[in-house]
Amino acid sequence: MTIDWSNLGFSYIKTPWRFLATWKDGSWNEGELTEDNYLHIHEGSTALHYGQQCFEGLKAYRRKDGGINLFRPDENSKRMNRSAYRLRMPEVPEAFFLDAVKQVVKANQEYVPPYGSGATLYIRPLLIGVGENIGVSPAPEYIFTVFCMPVGPYFKGGLTPTNFIVSDYDRAAPNGTGAAKVGGNYAASLLPGYEAHQRKFSDCIYLDPETHTKIEEVGSANFFGITAANEFVTPKSPSILPSITKYSLLHLAQHSLGLTPVEGDVYLNELDRFVEAGACGTAAVISPISGIQNGEDFHVFYSETEVGPQTKALYHELTGIQFGDISAPTGWIFDVPLD
Ligand SMILES: *Cc1c(COP(=O)(O)O)cnc(C)c1O
């Protein structure tokens, strides 16, 4: 195995082991680690036809002492179960989820990038409806699988500012599945994302689907802005995916940086209130937003090339906690036992 840890992008790399469990007749089997990275599923699987599937994304971080941290994986489990409920899929018990994640990290521990490389192990839990079916109804069987791979930054350059563009498309409906981490939302984002990339933007910014006047999120990450009055502001809406990173930053902004945390409306015509802006998520970590294109208008935040001081401070606080260099609020860090 030769991996150039400091030049990893965000792409698939096959690691040796993944966990796989199946649900049938009302219960999960115990599941097992397997080397097979293909799923053999029925042609009528609801995941294929009706989008009955949800997923999660979390990371394992190599500490300075060689140990491995998970960051708030219990929150990923809870969110996956909320997504599952929305799509009429069975719950994956939290202890089962956490054990599967730990098993996968431990089995692939050589693929957890070294401390200091900036890279991490990205973990992808996936829950899909499978089994014989054709009508629109919940699947008779389910697969829960967890696989992983080492990754670098999601947006090119990591902590360097990039530009985003306001999309005319919606990723979710007001009372739809925007708050669930489901593939359907992402299928809807592929064309807008393609069009944004064609125009050299990092990604789209989606507006609230009801009035198209407020920023919702970035399609794969949540939005935040910092005002001159030292507020850390994130949009509040039932159609945003509730980012664990975002809620962690709301906490850290207040308790570590002394900013005022605000969840509220972010009107597109009030972007002047922000001196800094960024996108946040497990994959995106904190990606500074230099500017937002909205029709003919291009709004620049802090700078087109430099990262603002509060964004930088939040980044160091968050990643310091994740890699074990800064003490974490109670319950945020889970150690992965390696023996
Ligand atoms: C997963 C995801 C995020 C980020 O959530 P985290 O819990 O911080 O990783 C943001 N937006 C969307 C649409 C997502 O799917």
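The values are calculated or read from the model by the stated rules, or taken from the named source; none is laboratory data. Remember, predicted model here, so these are calculated numbers, not experimental data. Positions of Cβ are generated from backbone atoms using ideal geometry, with glycine treated the same way; all protein chains shown enter the neighbour counts.
Residues being surrounded by 23 or more Cβ atoms within 10 Å (Cβ to Cβ) and within 16 Å of the ligand (Cβ to nearest atom) are entirely absent from the range 254-264.
Residue-wise test of (1) out of contact with any Ser or Thr (no Cβ under 8 Å at 6 or more places or on another chain); (2) among the small types (G, A, S); (3) not assigned by TED's automatic domain parsing to the domain that holds S248.
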| position | (1), (2), (3) |
| --- | --- |
| N294 | yes, no, no |
| S303 | no, yes, no |
| G308 | yes, yes, no |
| T311 | yes, no, no |
| G331 | yes, yes, yes |
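Residue count for the range 131-180 under the criterion of being in a loop (DSSP other than H, G, I, E, B) and surrounded by fewer than 20 Cβ atoms within 10 Å (Cβ to Cβ): the result is 21.
Condition check ((1) under 29 Å from N76 (Cβ atoms); (2) in contact with a Phe, Trp or Tyr (Cβ under 9 Å, 6 or more places away or on another chain); (3) touching a residue at least 24 places away in the same chain (Cβ under 8 Å)) across all residues:
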{"residue": "G225", "(1), (2), (3)": "yes, yes, yes"}
{"residue": "N230", "(1), (2), (3)": "no, no, yes"}
{"residue": "T234", "(1), (2), (3)": "yes, yes, yes"}
{"residue": "V266", "(1), (2), (3)": "yes, yes, yes"}
{"residue": "S287", "(1), (2), (3)": "yes, yes, yes"}
{"residue": "Q293", "(1), (2), (3)": "no, yes, yes"}
{"residue": "Y315", "(1), (2), (3)": "yes, no, yes"}
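Confirm whether G183 is at pLDDT 95 or above and over 28 Å from V105 (Cβ atoms). Here the answer is no, as G183 does not meet what is asked.
Results for (1) within 16 Å of the ligand (Cβ to nearest atom); (2) more than 14 Å from the chain's Cα centre (by Cα); (3) farther than 13 Å from S239 by Cβ; (4) in contact (Cβ under 8 Å) with a residue 12 or more places away in the chain, shown as yes or no for each residue.
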position: V146; (1), (2), (3), (4): yes, yes, yes, yes
position: P150; (1), (2), (3), (4): no, yes, yes, yes
position: F164; (1), (2), (3), (4): yes, yes, yes, yes
position: R199; (1), (2), (3), (4): no, yes, yes, yes
position: D208; (1), (2), (3), (4): yes, yes, no, yes
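Note on the range 20-116: enclosed helices (runs of 4 or more DSSP H) holding 1 or more residues that are within 15 Å of the ligand (Cβ to nearest atom) are 73-86, 94-107.
Filtered by the rule that a residue be surrounded by fewer than 17 Cβ atoms within 10 Å (Cβ to Cβ), free of Cβ contacts under 8 Å to residues at least 60 places away in the same chain and out of contact with any helix residue (DSSP H, G or I) (no Cβ under 8 Å at 6 or more places or on another chain), the range 74-104 gives Y85, R88, A95, D99.
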